[in-house]
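In what follows, a structure is listed as structure tokens, so that the remarks can point back to it.
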Amino acid sequence: MSLLELRHIHKSYPDGWTLADVELTIERGEIVCLLGPSGCGKTTLLRVIAGLEAPDGGQLLVDGEDVTHTPPHLRGFGLMFQEYALFPHKDVFGNVAFGLRMLPRTGSRSLDRNAIAERVAEALTLVGLGGFERRDVSQLSGGEQQRVALARSLAPRPRLLMLDEPLGALDRNLRERLLDELPQILHQAGATAITVTHDQEEAFAIADRVVLMHGGRVVQIGTPREVYRRPASVWVAQFLGLTNLLNAEIVDDAIETEIGRLVVPGLKSQISNRKLLIRPEAAQLGDAGPNVVHGVVTERSFRGERYRLGVRYESGIELAFNTPANVDLPDCGEPITLSLDPQALTLLPAEKTYRT
Amino acid sequence: MQDAGKLSRLASCILPLASCLLPLAFLLLFYFYPLTSILTLSFAPDGILDLSALENLVQTPRYLRTLWFTLWQALVSTLLTVGLALPGACVFARFEFPGKSLVQALTTIPFVLPTIVVAMAFSALLGPRGLVNTALVALLGLDRPPLNLQYTLTIILLAHVFYNYTLVLRIVSTYWANLDPRLTEAARMLGASRWRAFREVTLPLLIPAVGAAALLTFIFCFTSFGVILILGGPRFATLEVEIYRQTINAFNLPLAATLSIFQIVFTFVLMTVYTRLQARTSLPLELRSRRSTQRRPRNWRERLLVSANVGLMLALLVTPLGSLAARSFTAESGLTLDFYRSLFYNPRESAFYVPPGIAVLNSLGFALATTVLAVTLGLMAVSALAPQQETRFLRRNGVLRRFAKTRFLDPILMLPLGTSAVTLGLGYIVALDEPPLDLRASPLLVVLAHTLVALPFVVRSVMPALHAISPRLREAAGLLGASPWRVWREIDLPIVARAVLVGAVFAFTISMGEFGATNLIARPERPTLPVAIYRYLGRPGAANYGQALAMATLLMVVCAVGFLVIEGLRVGEIGEF
């Protein structure tokens, strides 16, 4: 049985904004990330799961048991808030111990003083802050506060841990480091977790599965790889920063586009599709393979491990590619011949283009 | 050329010095001198230390009982007020609802109402001739008023709650609104029930604000005068009332002085604690903008909380004031304007009788004079305290500079806030009735007392505005091409002018409503509005009571209008206490 199951969750606000018909299941031990631009409903969904907001309709099942109307403190979930919400009147120990002191909540036994101290020390060690018990939370750095918040929400061993923009308030270097550590800590603690972010890099690095949300709806669910390779819609592609989108018309066993005739695998099953996505890593210099296109270099910028290459085609359309930095490219204004990997081409359903 | 330079240099020396010394001299003469006189009268009436007055006080059970009553009624009033106002503060802090700003404005009005008006309002609502009794008599056909609340503890406590509810509401809700609601949510997610989250997270975080509000309420109730005198009748006396009675009825000035010392020591200790607490409320935690912490009530529980509290506010604050106004227009024969009409004529043609209309004019005169004096002194003090006033003269003169820098003028200017009005009045009677300063017969005495009470309010209104003008604003204006004159006109003036106006209106309304000191020092033939109301209450008959009601209503309107002006003029949160 799945740990968490959301059935037709619906919530609307007086200003017309809604969370519409959200369906989602989460398995034990899994890290799921809700990904979407701000205002897409991901934080609201998180708060509905937490019990801080009541849905207008739908059902929330935990281990098959309906908890839709259970108050938050009886759900046995943990939530790490954006900017942490550490209790300013308690020290690190007091913060981490808080949930442990509340423990006789869902059938579990209440803890004595020693057991609490032990569990606090354990949680702090897990996040790399052993011995920080008596520090004042206001004296901690941003990264340390983040770890205390994580320890606080992990300490009571919640059935489900939710993290709202867990790395949002940190500077870039710290973020990079925690991006690696966070999934490790979560897996080590054996936690089932839902994180929320607007940053695809963060989502891809942390999550086993990504749930893309847009306008209060779930638009795609899949592993990071699936989502990136096969975006379910033009909007998803654009949100992920994939901007090479062409109008496509199916002619025989190939497709006709603004840059020429291209071969795409698995065409037969996708008769009604009309947009073609070319991922930036699709291009190789030269005329090998079935999809050879000719254009003029408009931009060539060195980005360290790769080149960012802009190419304009006869129809006036411009595409952007990433090419390895060790391959020499023609100068701006020179003609260029590229071969496009059929595996890096995806046909998307035509729909109106969302703006992110 | 050289002479002009010298002259202007001289001016730049004298002006800041004068603006610093004049307010100081005022305080010395009209605050410290009277207080010292009280001290001398109490402990050394004949020039040598004599503690017999103190001994007498401690050994007389009656005064100990007075002290005891003063303490416990203040404590009960404070607990009641805080208990009632906390849910209201939560509603204001956390919820958005239609008409909220109106309710907020209404609930703040008691803050500026004179005690005499509040006392009259409760008398008009719950007294033997009050609306409730009249209605009950008419409805049930009784021959006597069924509700007997006049001269009871209940009506005193009610009036104290009325007065201070607003205070607690304002202080606590402002602080609460800035508290991050996610802290409570975090506690909930960690397994705390609603009540436990409140007890373990919200309440501890609110403690500085609740403490400050409670302490201020306690101080106000501890020094309560008008409410006890009018609503309590002869049975109840706080220290303040006892000081008044000893002065006026028994003319036992040494005893009154000793009681005053007691009270001064007590309030000063409390005020010190309060300032400490207030300093803590002003540097709290991670505060959030109010917008992100307030929302509309979502379920029946929240809607009930909001409507119950708004209902309580309206019932508590609007009904007494409403019935005061209503009663002033009703005689036994029905609706009437008689009470207002009779304000301006003297029925007995008596020389000692002062028609109420004259009292209105007296009050206006005193209030205008007070406003001018308080604003002038206040501006002087503020400009002496302002950071950018460091002239070359001050820079050269180390002592004066430190004087200006350490800003010890500021706390001194706040002292009168912590001194009770009756004590002040007593001090004036004791100190200013003999040469070299014999002002006993001068109407100036009232103006001086009112100015002293109003001065801290003026300073508190203006100073933050002046401090709020960052030197960068002036620099920016200068760089944009404004001449120094334009800078002053376009930057300083608009910002400070409103604050000065706020201070002026404060001074005006305070002077209009001042009762404790005025009642002691006003000449019988020159009563102010509150004093006249009190006198009319002392006389039998429906007509006198009606005139008192009419005058109290007038006073209420003046103060409420003044308050609305203040609210409208405030720049942001500047001038909060």
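Of all residues assigned to region B:204-211, none qualifies as being more than 14 Å from chain A (Cβ to nearest Cβ), more than 30 Å from A:Leu103 (Cβ to Cβ) and in contact with a Ser or Thr (Cβ under 6 Å, 6 or more places away or on another chain). When region A:126-179 is filtered for residues that are small (Gly, Ala, Ser), assigned to a loop (DSSP other than H, G, I, E, B) and within 12 Å of another protein chain (Cβ to nearest Cβ), the ones remaining, listed by number, are A:Ala155, A:Ala169. Scanning region B:111-166 for residues that are within 19 Å of B:Ala560 (Cβ to Cβ) and hydroxyl-bearing (Ser, Thr, Tyr) returns B:Thr115, B:Ser123, B:Tyr163, B:Tyr165, B:Thr166.
When A:Gly58, A:Gly99 are checked against the criterion of being outside any loop (DSSP other than H, G, I, E, B), in the same structural domain as A:Ser153 (by TED's automatic domain parsing) and within 27 Å of A:Leu124 (Cα to Cα), a single residue qualifies: A:Gly99.
When A:Gly310, A:Gly295 are checked against the criterion of being at pLDDT 90 or above and either outside any strand (DSSP E or B) or within 31 Å of the chain's Cα centre (by Cα) (or both), A:Gly310 stands alone in meeting it. Taken over region A:36-71, residues that are away from every other protein chain (no Cβ under 11 Å), within 27 Å of A:Val227 (Cα to Cα) and touching a helix residue (DSSP H, G or I) at 6+ places or on another chain (Cβ under 8 Å) amount to 3. Only one of the listed residues (B:Arg199, B:Arg245) is among the basic types (Lys, Arg), closer than 26 Å to B:Leu417 by Cβ and free of Cβ contacts under 8 Å to residues at least 24 places away in the same chain. That residue is B:Arg245.
Here A:Gln82 fulfils each of the conditions (1) in a loop (DSSP other than H, G, I, E, B); (2) within 22 Å of B:Asn299 (Cβ to Cβ) apart from (2). Residues that are facing chain A (nearest Cβ under 8 Å) and touching a residue at least 12 places away in the same chain (Cβ under 8 Å) within region B:172-184 comprise B:Asp180, B:Leu183, listed in sequence order. Considering (1) surrounded by 13 or more Cβ atoms within 10 Å (Cβ to Cβ); (2) within 32 Å of the chain's Cα centre (by Cα), the lone condition that A:Gly241 does not fulfil carries the number (1).
Screening B:Thr293 with (1) farther than 25 Å from B:Gly513 by Cα; (2) of a type outside the set (A, V, I, L, M, F, W, C); (3) modelled with pLDDT of 80 or more; (4) in contact with a Leu (Cβ under 9 Å, 6 or more places away or on another chain) gives one miss only, at (3). Residues of region A:72-103 that are at the interface with chain B (Cβ under 7 Å from one of its Cβ atoms), in contact (Cβ under 8 Å) with a residue 24 or more places away in the chain and under 25 Å from the mean Cα position of the chain (by Cα): A:Phe77, A:Gly78, A:Leu79, A:Phe81, A:Ala85.
Counting only helices (runs of 4 or more DSSP H) wholly contained in region B:173-235, the ones carrying 2 or more residues that are within 27 Å of the chain's Cα centre (by Cα) and surrounded by fewer than 24 Cβ atoms within 10 Å (Cβ to Cβ) occupy B:203-222. Just to be sure, is B:Leu169 within 30 Å of B:Phe266 (Cα to Cα), within 14 Å of chain A (Cβ to nearest Cβ) and hydrophobic (A, V, I, L, M, F, W, C)? No; evaluated as a whole, the condition is false for this residue. Return the pairs, sorted by first residue and then second, in which the second residue is among the aliphatic types (A, V, I, L, M), the first residue lies in region B:296-308 and is within 14 Å of chain A (Cβ to nearest Cβ), the beta carbons are less than 6 Å apart, and the residues are 6+ apart or on different chains. Pairs that qualify, where the first residue is within 14 Å of chain A (Cβ to nearest Cβ) and the partner is among the aliphatic types (A, V, I, L, M), are B:Pro297/B:Val306.
Would a scan of region A:106-114 turn up a residue that is touching a Lys or Arg at 6+ places or on another chain (Cβ under 8 Å), surrounded by fewer than 18 Cβ atoms within 10 Å (Cβ to Cβ) and more than 14 Å from every other protein chain (Cβ to nearest Cβ)? Taking every residue of region A:106-114 in turn, none turns out to be touching a Lys or Arg at 6+ places or on another chain (Cβ under 8 Å), surrounded by fewer than 18 Cβ atoms within 10 Å (Cβ to Cβ) and more than 14 Å from every other protein chain (Cβ to nearest Cβ).
The values are calculated or read from the model by the stated rules, or taken from the named source; none is laboratory data. Keep in mind that this is a model prediction, so the values were computed, not measured. Glycine also receives a Cβ, built like all others from the backbone with ideal geometry; neighbour counts cover every protein chain displayed.
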